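One structure is given below, encoded as structure tokens.
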Amino acid sequence: NDNVSWVKYPGLDDHEDAENVKKYLPNGQSGLLTFGVKGGYEAAKTVVDNVKIFSLLANIGDTKSLIIHPSSTTHQQLTADEQLSAGVSQDLIRVSVGLEHIEDLKKDLEEAFVLLNELKEAE
């Protein structure tokens, strides 16, 4: 999606642990990923606040797909510099994929991005 500036997932070739991932996890790398949204804090928060299938929860590994914007939730008590030192950027969204159909999850995120684009255009 054009609104995504970066993706971090162990199964990607550019992941910092790609060689170990290939060696130790050849059959799959989990349903957990993070990505950055162009537009930073407010844009990422808008996406998270406008999904319908994903649940806004901090835990991971559930049967239900989960999404969170750590900068405005789990790490909100930290300064921006403290968040960055903990690996939390303002644009970061964390997703834990559950058992829903992948096409439904993709559509849910896509619809949230459409709304984000509409809000940007209205400004």
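Compared with the dominant Cα axis of the chain, that is its longest principal axis, helix 102-122 is turned about 30°. A 1.4 Å probe, protein heavy atoms only, puts the accessible area of GLU103 near 100 Å².
In Å², and per residue, what accessible area does the chain have when probed at 1.4 Å with the other protein chains present? Write down the numbers at each step before the final one.
On the way: 7450 Å² over 123 residues.
Here the residues of the chain average 61 Å² of exposed surface.
Across the accessible surface of the chain, with the other protein chains kept in place and a 1.4 Å probe, carbon and sulfur atoms take up 53 percent. When the alpha-carbon atoms of the range 69-110 are used, the pair Rg, Dmax equals 13.4, 37 angstrom. For the chain, the longest principal axis of the alpha carbon atoms and the long axis of helix 40-49 meet at an angle near 80°. Distance between the 7 Å Cα→Cβ label points at ASN59 and LEU99: 1.5 nm. With a Förster radius of 25 Å applied to the beta-carbon distance between SER72 and TRP6, the computed FRET efficiency rounds to 0.85. In a reduced charge model with +1 at each Lys and Arg Cβ and -1 at each Asp and Glu Cβ, the range 49-111 shows a dipole moment near 140 debye about its Cα centre. The range 24-44 to the range 52-99: how many Å between their Cα centroids? With the range 24-44 and the range 52-99 each reduced to a Cα centre, they are spaced 10 Å. Rounded to the nearest 20, the Cβ-based charge dipole of the chain about its Cα centre (Lys and Arg +1, Asp and Glu -1) stands at 320 debye.
The values are calculated or read from the model by the stated rules, or taken from the named source; none is laboratory data. As the structure is a prediction and not an experimental result, all values here were calculated from the model. So basically every Cβ, Gly included, is an ideal-geometry build from the backbone, and we count neighbours across all protein chains shown. All accessible areas refer to the heavy atoms of the entire protein, side chains included, with ligands and DNA or RNA removed. Shrake-Rupley method; radii C 1.70, N 1.55, O 1.52, S 1.80 Å.
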